[in-house]
Amino acid sequence: MNALTPPPASPPSPYSSALATSNTEPHTLSVLVDNEPGVLARVVGLFAGRGYNIESLTVAEVAHAEHQSRITIVTSGTPEAVEQIRHQLERLVPVHRVTDLTIKGHFVERELAMVKVRGKGENRMEALRLSEAFRGRVVDATTESFTFELTGSPSKIDQFVELMRPVGLVEVSRTGVAAISRGPDGM
Amino acid sequence: MSRQMTGAEMVVAALEDQGVDTIFGYPGGAVLPIYDALFQHPNVKHVLVRHEQGAGHAAEGYARSSGKVGVLLVTSGPGATNAVTALTDALLDSIPLVCITGQVPTHLIGSDAFQECDTTGITRHCTKHNYLVRRIEDLPRILHEAFWVASHGRPGPVVIDIPKDVQFASGTYVGPQNIVHRTYQPVVKGEMDRIRQAVAMMAAAKRPVFYTGGGVINAGPEASKLLRELVALTGFPVTSTLMGLGAYPASGPNWLGMLGMHGTYEANHVMHDCDLMIAVGARFDDRITGRLDAFSPGSQKIHIDIDPSSINKVVKVDLGIVGDCGFVLDDMVRLWRSEGHGADRAALADWWERIEGWRRRNSLGFTNSRTTIKPQHAIRRLYELTKDRDTYITTEVGQHQMWAAQHYGFDKPNRWMTSGGLGTMGYGLPAAIGVQMAHPGALVIDVAGEASILMNMQEMSTALQYRLPVKVFILNNSYMGMVRQWQELLHGSRYSESYSEALPDFVKLAEAYGGVGIRCDDPGELDAAILRMIDTPRPVIFDCVVEREENCFPMIPSGKAHNEMLLPTGIDDWGAPDLGAVIDEKGKMLV
Ligand SMILES: Cc1ncc(C[n+]2csc(CCOP(=O)(O)OP(=O)(O)O)c2C)c(N)n1
Ligand SMILES: [Mg+2]
């Protein structure tokens, strides 16, 4: 490793720079796909190959009989770049539908985290009190540790993790964001 | 319709049911069952190439000249990896291919078995779609689906990777009738409101231009006919990308020539100064746009494309129409007539007058010579001597390719096969073989460079085996001319590794393969030599020895705009006689 020269700041995607504006914003995309081998690699590979970034990714089969999975991707880019991402996703053969929830209107975003803290005495009590305030649940405990389960928006989880740091944070496991639009209609 | 058979037999049955009469391939351990099935089904003709890349390009040539899906069959491991360049080529040029690859048996997948490679992993990024068939039950559906996906929407290559045990397994074959793809249903009809709006914009335009691309060719000959009709109705000028040549005839009155990096002065100026650009099946490639922030600054833009992701990808347009060019052009012609539109004749007359001014610069002009053959002159003679025949042209990649595009006049679609998006040296000879298989009686010529031709020279052997009288017309300048030209413009004429040293004697090489070799270095003898080539009913390599350091002009230097072209020697737009100084630092970063 050559530690003397710092790595250059990662260059912007050549694709988005063509439409260069600085109004980059996060977008949450729901992608309904056939749950067939390689489909996730196709989606992720598209992001890597075209220089788009993925901030969060979740995937699970949502319709077992039809073998359909729903992928939720949080990405960021200019509105033009995100539209391009959506079209590129739609081009993939096993992709049924892509919805940009951010554009479509209001939506609910949730993430689940498990947060392990270790400590004794006052720290331990403080961790428990904070978890109650955040409506966390204890899913595992020993005499010197707790593991909390917490559901909420990514920023709520970020906030909770920060609070756990001084009272003995050991590790965090997060699912990434699942999202769904508000109101009666489906994607 | 359903029958019991092995997986290998299903492959052949599906080919027959899909109307495939010719495939290109190369055998190996992992596809032996399929080769055995082919042996017993002579309805599907197999062309044995000499390298799997050749099979891919041959299938491309076959597809592009016939409008059908091209098929190749290769073995696992090295067979599959050798095909990767051709698959990528087909992806970038939107050519429908089905590539069947053998794979090690399913129980060995992942064990680094002999000739195992992760074919679907490797080809995921260079195919439109790919499949690994793990169960015999899925095979018939996948085979037919692959043809559907390859040929519908924006065409492209599809790989079907079939493990050997699946080829041996028995199952129930189902014909193509009942196969409808669940998700892949591209839109082909354009939205009527948008088309109506487009036609109104066209009627109001004062300085319009049609900018057409390979999408028009891919939409079938009918689309080219409709384009001609629309151009005739409106009186608008028309230019085309490298991929779209022939959709509108080069001999047509409204033709501006090709546009882009080596396009004509008039085509590029029209693009720069137009007030309405109608892009039909073209994708604003960087070879076309030049400097993006100076690309056609004052125009409204309409973009018709079957691929929604092409619209607004690099250039923001005012009106996007998603649909097959054929359908959309048909609606446009109909609406233009039924709504009684007329073009703004007075404005158009002014526009054509300006165009004539640009035309007078004669940007394709060159100084001919009595002593050495100029490459442009060679192409023009080739054109004159073959234009009244049933001729198909393929090319390799380099200056010769651009000269062919500039100086050979294409009057029909599907007559011009060149590697546009990927720029693959070695494309032309195997592509010519594919074209000749599709059109046995035609005159098929690969316009080649002496460097490119050596990349797939082995396919001469294929041409001989199948008695395919393809002609390889080499513009031999002893240089990787296009590389040398860029080194002259960008790198102080330091010709690093671009001289073609130790070339073979192409005449003897032709003879060694069993073909005919012709050499010509005298302009006075050129016509007679070309005629001799045409009249030879066997494969010919024509070594046309041309001026060594000729540059290909006009040219938009990298990083420059459409109105900053470099014209043939001495005349240029911004008075920069020093070729080495025309490209700035930013331009040097571009390719
Ligand atoms: C497979 C491949 N490797 C490298 C290149 C880069 N390249 C583009 S043109 C060219 C030179 C071609 O030389 P030649 O075939 O003699 O054609 P000329 O330009 O002289 O007409 C090269 C090396 C390429 N396009 N394809
Ligand atoms: Mg050369």
Residue that is closer than 27 Å to A:His67 by Cβ, modelled with pLDDT of 95 or more and not assigned by TED's automatic domain parsing to the domain that holds A:Val62, where the choices are A:Leu101, A:Leu112, A:Leu128 = A:Leu112
task = Could you figure out which of (1) of a type outside the set (Val, Ile, Thr); (2) outside any helix (DSSP H, G or I); (3) modelled with pLDDT under 95 isn't true of B:Asp293?
result = (2)
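Taking the stretch B:464-477, which residues are open to solvent by less than 20 Å² (accessible area, probe 1.4 Å), more than 7 Å from ligand 1 (Cβ to nearest atom) and outside any loop (DSSP other than H, G, I, E, B)? Walk me through it before giving the result.
Here is the first cut: in the stretch B:464-477, the residues open to solvent by less than 20 Å² (accessible area, probe 1.4 Å) are B:468, B:470-477.
Right, trim to more than 7 Å from ligand 1 (Cβ to nearest atom) and you get B:468, B:470-474, B:476.
Within the stretch B:464-477, B:Lys471, B:Val472, B:Phe473, B:Ile474, B:Asn476 meet the criteria.
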note = The condition of being more than 11 Å from every other protein chain (Cβ to nearest Cβ) and assigned to a loop (DSSP other than H, G, I, E, B) holds, among B:Gly190, B:Gly171, only for B:Gly190
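Residue-wise test of (1) on the phi > 0 side of the Ramachandran plot; (2) modelled with pLDDT of 95 or more; (3) part of a helix (DSSP H, G or I); (4) open to solvent by less than 10 Å² (accessible area, probe 1.4 Å).
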position	(1), (2), (3), (4)
B:Asp411	no, yes, no, no
B:Asn414	yes, yes, no, no
B:Gly423	yes, yes, no, no
B:Ile433	no, yes, yes, yes
B:Pro440	no, yes, no, no
B:Gln458	no, yes, yes, no
B:Glu497	yes, yes, no, no
B:Ala512	no, yes, yes, no
B:Arg519	no, yes, no, no
query = Which of (1) under 22 Å from the mean Cα position of the chain (by Cα); (2) more than 15 Å from ligand 1 (Cβ to nearest atom) does B:Ser461 not meet, given it meets every other one?
reply = (1)
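Here is a yes/no grid of residues against (1) open to solvent by 70 Å² or more (accessible area, probe 1.4 Å); (2) more than 14 Å from chain B (Cβ to nearest Cβ); (3) aromatic (Phe, Trp, Tyr):
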site	(1), (2), (3)
A:Thr102	no, yes, no
A:Val108	no, yes, no
A:Leu112	no, yes, no
A:Gly119	no, yes, no
A:Met125	yes, yes, no
A:Leu130	no, yes, no
A:Phe134	no, yes, yes
note = Those residues of the stretch B:547-568 which are within 16 Å of ligand 1 (Cβ to nearest atom) and open to solvent by 10 Å² or more (accessible area, probe 1.4 Å) amount to B:Glu547, B:Arg548, B:Glu549, B:Glu550, B:Asn551, B:Phe553
remark   = If we ask which residues in the stretch A:67-100 are open to solvent by 10 Å² or more (accessible area, probe 1.4 Å), under 19 Å from A:Val39 (Cα atoms) and assigned to a helix (DSSP H, G or I), their number turns out to be 4
inquiry  = For the stretch B:84-136, which positions are assigned to a helix (DSSP H, G or I) and within 14 Å of chain A (Cβ to nearest Cβ)?
reply    = B:Thr88, B:Leu91, B:Leu92, B:Thr106, B:Thr119, B:Thr120, B:Gly121, B:Ile122, B:Thr123, B:Arg124, B:His125, B:Cys126
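This table checks each residue for (1) in the same structural domain as B:Asn477 (by TED's automatic domain parsing); (2) away from ligand 1 (no atom under 16 Å from the Cβ); (3) more than 23 Å from the chain's Cα centre (by Cα); (4) assigned to a loop (DSSP other than H, G, I, E, B).
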| site | (1), (2), (3), (4) |
| --- | --- |
| B:Asp330 | no, yes, yes, no |
| B:Val333 | no, yes, yes, no |
| B:Gly342 | no, yes, yes, yes |
| B:Ala347 | no, yes, yes, no |
| B:Phe366 | no, no, yes, yes |
| B:Val397 | yes, no, no, yes |
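Just to verify a result, which residue in the stretch B:499-509, among those that are open to solvent by 70 Å² or more (accessible area, probe 1.4 Å) and at negative phi, is farthest from ligand 1 (Cβ to nearest atom)?
Applying the first criterion (open to solvent by 70 Å² or more (accessible area, probe 1.4 Å)) to the stretch B:499-509 yields B:499, B:501-502, B:508.
Add one more test, that the residue is at negative phi, and what stays is B:499, B:501, B:508.
Working: B:Tyr499: 10, B:Glu501: 12, B:Lys508: 19 Å.
Applying the filter and picking the extreme gives B:Lys508.
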task = Please enumerate the residues belonging to the stretch B:285-313 that are facing another protein chain (nearest Cβ under 10 Å), touching a helix residue (DSSP H, G or I) at 6+ places or on another chain (Cβ under 7 Å), open to solvent by 30 Å² or more (accessible area, probe 1.4 Å) and not basic (Lys, Arg).
result = B:Pro308, B:Asn312
message = Can you tell me which residue is nearest to ligand 2 (Cβ to nearest atom) among those in the stretch B:478-494 that are at pLDDT 95 or above and open to solvent by less than 10 Å² (accessible area, probe 1.4 Å)?
response = B:Gly481
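Would it be correct to say that A:Phe146 is aromatic (Phe, Trp, Tyr), surrounded by 15 or more Cβ atoms within 10 Å (Cβ to Cβ) and part of a strand (DSSP E or B)? It would help to see each step written out before you state the result.
Details: aromatic (Phe, Trp, Tyr): yes; surrounded by 15 or more Cβ atoms within 10 Å (Cβ to Cβ): yes; part of a strand (DSSP E or B): yes.
So A:Phe146 passes the test.
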message = Checking the condition open to solvent by 50 Å² or more (accessible area, probe 1.4 Å) and in contact with a strand residue (DSSP E or B) (Cβ under 7 Å, 6 or more places away or on another chain), which residue from B:Asp318, B:Asp330, B:Asp350 passes?
response = B:Asp318
note = Residue pairs within 8 Å by beta carbon, gap of at least six or interchain, first lying in the stretch B:114-140 and touching a residue at least 12 places away in the same chain (Cβ under 8 Å) and farther than 14 Å from B:Pro163 by Cβ, second surrounded by 20 or more Cβ atoms within 10 Å (Cβ to Cβ) and basic (Lys, Arg), listed first then second, are B:Lys128/B:Arg154
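Take the residues of the stretch B:392-417 that are among the hydroxyl-bearing types (Ser, Thr, Tyr) and away from ligand 2 (no atom under 16 Å from the Cβ): which is farthest from the other protein chains (Cβ to nearest Cβ)? Explain how you work it out, then say what you get.
Of the stretch B:392-417, the ones among the hydroxyl-bearing types (Ser, Thr, Tyr) are B:392, B:394-395, B:408.
Narrowing the set further to residues that are away from ligand 2 (no atom under 16 Å from the Cβ) leaves B:392, B:394, B:408.
Details: B:Tyr392: 31, B:Thr394: 29, B:Tyr408: 33 Å.
So the residue we want is B:Tyr408.
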message = Restricting to the stretch A:26-41, name every residue that is touching a Leu at 6+ places or on another chain (Cβ under 9 Å) and open to solvent by 20 Å² or more (accessible area, probe 1.4 Å).
response = A:Pro37, A:Gly38, A:Leu40
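Yes or no: B:Ala378 more than 14 Å from chain A (Cβ to nearest Cβ), within 16 Å of ligand 2 (Cβ to nearest atom) and over 29 Å from B:Gly215 (Cβ atoms)? Break it down stepwise before answering.
Details: more than 14 Å from chain A (Cβ to nearest Cβ): yes; within 16 Å of ligand 2 (Cβ to nearest atom): yes; over 29 Å from B:Gly215 (Cβ atoms): yes.
Yes: the conditions hold for B:Ala378.
Quick grid of which residues meet (1) open to solvent by 10 Å² or more (accessible area, probe 1.4 Å); (2) without any contact (Cβ under 8 Å) to a residue 60 or more places away in the chain; (3) not hydrophobic (A, V, I, L, M, F, W, C):
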residue	(1), (2), (3)
B:Arg228	yes, yes, yes
B:Phe236	no, no, no
B:Gly244	no, yes, yes
B:Met258	yes, no, no
B:Asn268	no, no, yes
remark   = Screening B:Gly441, B:Gly428, B:Gly423 for residues that are out of contact with any strand residue (DSSP E or B) (no Cβ under 9 Å at 6 or more places or on another chain), closer than 30 Å to B:Pro221 by Cβ, within 15 Å of ligand 2 (Cβ to nearest atom) and more than 14 Å from chain A (Cβ to nearest Cβ) leaves only B:Gly423
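Just the residues that are more than 10 Å from ligand 1 (Cβ to nearest atom) and open to solvent by less than 10 Å² (accessible area, probe 1.4 Å), please, taken from the stretch B:385-395.
Pass one, the stretch B:385-395, residues more than 10 Å from ligand 1 (Cβ to nearest atom): B:385-394.
Scanning the stretch B:385-395 gives B:Thr386, B:Ile393, B:Thr394.
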key: Residues satisfying the stated conditions in the stretch B:273-284, i.e. surrounded by 20 or more Cβ atoms within 10 Å (Cβ to Cβ) and away from chain A (no Cβ under 14 Å)   = B:Cys274, B:Leu276, B:Met277, B:Ile278, B:Ala279, B:Val280, B:Gly281, B:Ala282
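The values are calculated or read from the model by the stated rules, or taken from the named source; none is laboratory data. Quantities reported herein were computed from a predicted structural model and do not represent experimental measurements. All Cβ positions, glycine included, derive from the backbone under ideal geometry; neighbour counts span all protein chains shown. Each accessible area value is taken on the protein alone, full model and side chains, heavy atoms only, with ligands, DNA and RNA left out. Shrake-Rupley method; radii C 1.70, N 1.55, O 1.52, S 1.80 Å.
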